[in-house]
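The values are calculated or read from the model by the stated rules, or taken from the named source; none is laboratory data. Given the structure is predicted, the values throughout are model-derived calculations rather than measurements. Neighbour counts are summed over all protein chains in view; Cβ atoms, including those assigned to glycine, are modelled from backbone coordinates with ideal geometry. When the accessible area is computed, the model is the full protein with side chains, heavy atoms only, and any ligands, DNA or RNA have been set aside. Shrake-Rupley method; radii C 1.70, N 1.55, O 1.52, S 1.80 Å.
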Amino acid sequence: MPRLFVVKRDKTREEFQREKVLNGMAIAAGKRPVSAEAIRAAAERVERDLFQEFEDEVSSEEVGERVMAELERLDTVAYIRFASVYRKFDTVDDFKRIVSHMDRAEPTGGKQPRTELVEQVHKN
């Protein structure tokens, strides 16, 4: 199997590990009505897509965005949990803003993807 390296925020590199993606998703979805099978399938999609789209290396930010997109489809609470750690939410207001935006956003119909909303909320 070809190797893919993840370039972390501090510019260090480590080999992509599906287990890390799977563990992060499982923690975010803990005690939620999401099956282990659904989480495994989502982690496999993230891995497959990354290996298809990137040749040698991928940024950790790209990996995180892919994970958030998959969690968004599986469970809103798991998505918010992961986003709060990934985007480093610091205050209750960060959570309030994302929940408020999500209440107004429709997941279909051409509306802004929620992963972009998380990015916007964190910038504000």
Requested in this report: Considering only region 96-124, state which residues are open to solvent by 80 Å² or more (accessible area, probe 1.4 Å) and at pLDDT 80 or above.
Outcome: LYS96
Requested in this report: Specify the residue that is nearest to GLY24 (Cα to Cα); the eligible residues are those in region 82-106 that are acidic (Asp, Glu) and not in a loop (DSSP other than H, G, I, E, B).
Outcome: ASP94
Query raised in the report: Out of region 36-52, which residues are touching an Asp or Glu at 6+ places or on another chain (Cβ under 9 Å) and within 21 Å of ARG13 (Cβ to Cβ)?
Result: ALA43, VAL46, LEU50
Report task. For GLU19, indicate whether it is among the charged types (D, E, K, R) and either in contact with a Ser or Thr (Cβ under 8 Å, 6 or more places away or on another chain) or under 24 Å from MET102 (Cβ atoms) (or both). Result -> no
Requested in this report: Output the qualifying pairs, or none if there are none: Cβ atoms under 8 angstrom, residues six or more apart or on different chains, first residue in region 1-29 and over 10 Å from ALA43 (Cα atoms) and free of Cβ contacts under 8 Å to residues at least 24 places away in the same chain, second residue assigned to a strand (DSSP E or B) and open to solvent by less than 50 Å² (accessible area, probe 1.4 Å).
Outcome: GLU14/VAL6; GLU15/VAL6
